[in-house]
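This is the structure I want to talk about, given as structure tokens.
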Amino acid sequence: MARHLLQLEGVDAEGLTALLDRARSHLPAARGEATPARSMDGRLVAQLFFEDSTRTRLSFEAATARLGGRSMALQGAGSSASKGETFLDTALNVDALGVDAMVVRTSISGGAALLARNVRCAVINAGDGRREHPTQGLLDCLTIREVFGRFDGLRVAIVGDIANSRVARSALHALTTLGAHVTLVGPPTLLPASMAGVAHHRDRVALSHDLDATLGGLDVIMMLRVQLERAAGGGVASDYRELFGLTHARAARLPGHCIVMHPGPVNRGVEVDDDVADDVRRSQILRQVTHGVAVRMAVLEHCLGR
Ligand code: NCD
């Protein structure tokens, strides 16, 4: 039976911790500092990206290669999707090629689960519409655990375009399950009240439309990209940076130990100022990318049963 990773919703603390522990053991190999066990020798992974990606796609390829497996990459543009083949038909054909796993990114919320119900191989969700991005949630958790060594009682703010963010949903599920308190911060248009009820541990979730009021007590501030491609018309509000950007002035009001995270790609000068993104003391942005390789190694092994 293929094991899939479709979402972090419903994964318990034990399951999350096991994946994080396994990912941690892969950190030296992910950094290129150690030779990993070739646990994916002879395994074939299809990378199906129907939406743009830099970090996620390349880190799944790096993770596969580090473990001795092979990747085949298909991008939406340049595939028969442009000839009218459906998403499911494309996946069924890739499955018929005999792959061991498929990594899938799609604009269809629930798209990865749809494939998992229909194919023989393991399916790993690399972002499905506005729903979830489980390996991003795991790498965010690993990054936080590497800094603080725990989740219990940590105060995390996730800031920005929550409504459209699969990153926010996956992080919210995992962080609250692991014991952190999460405040979702954004303008009313990008932060629907229904988000409060999304997490299993509702008592660990708060909503705020006032970033300035939340800065003082934070251990982690996670900034999100304003996702113009999902916005129903209109661009970024002209006062977005002023109200919800992590500006130089706001960063100065964070507690000294508070770390800054962002899943990338960063809109510099919109959600984060240049000097905040590049502040080596606080910013975890590039470490998150390295952690992503280790997490994807752990997830591939988990799904392929090694
Ligand atoms: C995110 C995504 O595509 O969901 N990027 C990523 O995977 N690191 C976030 C984004 O696009 O803003």
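None of the figures in this text is laboratory data; all of them are computed from the coordinates on show. Note that the coordinates shown come from a computational prediction; the quantities given were computed from them, not determined experimentally. Backbone-built Cβ (ideal geometry, glycine too); neighbour counts: all protein chains shown.
Kirkwood hydrodynamic radius, computed over distinct alpha-carbon pairs, for the stretch 134-288: how many Å, to one decimal? Before the final figure, lay out each step's value.
Numbers: mean 1/r = 0.0656 Å⁻¹.
Radius from the Kirkwood sum: 15.3 Å.
Nearest 0.05, what FRET efficiency do D210 and R38 give at R0 = 35 Å with Cβ-Cβ as r? Kindly include the intermediate steps, with their values, before the conclusion.
Numbers: r = 51 Å, r/R0 = 1.46.
Here the calculated transfer efficiency is 0.10.
Taking amide H positions as placed in the peptide plane 1.01 Å from N, state which residues far from A73 in sequence (5 or more) or on other chains have amide H under 5 Å from it.
The list, which skips near neighbours in sequence, is Q47.
Let me ask something else about it. Modelling each spin label as a point 7 Å along the Cα-to-Cβ direction, I'd like the R117/V147 distance in nm, to one decimal.
If labels sit at R117 and V147, their model points lie 3.9 nm apart.
Here's another thing I want to ask about it. Counting Lys and Arg as +1 and Asp and Glu as -1, what is the net charge of the other residues whose Cβ lies under 9 Å from the Cβ of C121?
Details: positive: R120; negative: D95, D100.
In short, -1.
Between the helical axis of 285-303 and the dominant principal axis of the chain, each derived from Cα atoms, what acute angle in degrees is found, rounded to the nearest 10?
The angle comes out near 40 degrees.
Further, regarding this structure: Taking 0.36 nm per residue of sequence separation and subtracting the Cα-Cα distance, how much length would be gained by fully extending the chain between S82 and H201, in nm to one decimal?
On the way: separation 119, 0.36 × 119 = 42.84 nm, distance 4.23 nm.
Here the segment from S82 to H201 would lengthen by 38.6 nm.
Label points 7 Å out from Cα along the Cβ direction at L286 and R253: separation in nm?
3.0 nm
Label-point separation (nm) for D21 and R3, each offset 7 Å from Cα along Cα-to-Cβ?
Rounded to a tenth, the inter-label distance reads 1.3 nm.
By average Cβ neighbour count within 10 Å, what is the ranking of 108-116, 5-13 from highest down? Mind showing how you got there, number by number?
Working: 108-116: 20.2, 5-13: 18.3.
Sorting 108-116, 5-13 by mean packing, highest first, produces 108-116, 5-13.
Express the relative contact order of the chain as a whole percentage, based on alpha carbon pairs under 8 Å and six or more residues apart in sequence. Present the calculation step by step, with values, prior to reporting the outcome.
Numbers: 608 pairs, mean separation 67.3, N = 306.
Computed value for the chain: 22 percent relative contact order.
State the Cα centre-to-centre distance between the stretch 1-61 and the stretch 192-246 in whole Å.
Measuring centre to centre over Cα atoms gives 28 Å.
Report the FRET efficiency, 1/(1 + (r/R0)^6), for N93 and L228, where r is their Cβ-Cβ distance and R0 is 30 Å, rounded to 0.05. Present the calculation step by step, with values, prior to reporting the outcome.
Numbers: r = 32 Å, r/R0 = 1.07.
The formula returns an efficiency of 0.40 here.
Next question, about the same structure. Kindly express, to the nearest 10 degrees and within the range 0 to 90, the angle between helix 87-96's C-alpha long axis and the longest C-alpha principal axis of the chain.
Orientation of helix 87-96: about 40 degrees from the principal axis.
For the chain, would you read off the P(r) tail past 38 Å as a percentage of all alpha carbon pairs? Working shown, then result.
Values: 5064 of 46665 pairs.
More than 38 Å apart: 11 percent of the Cα pairs in the chain.
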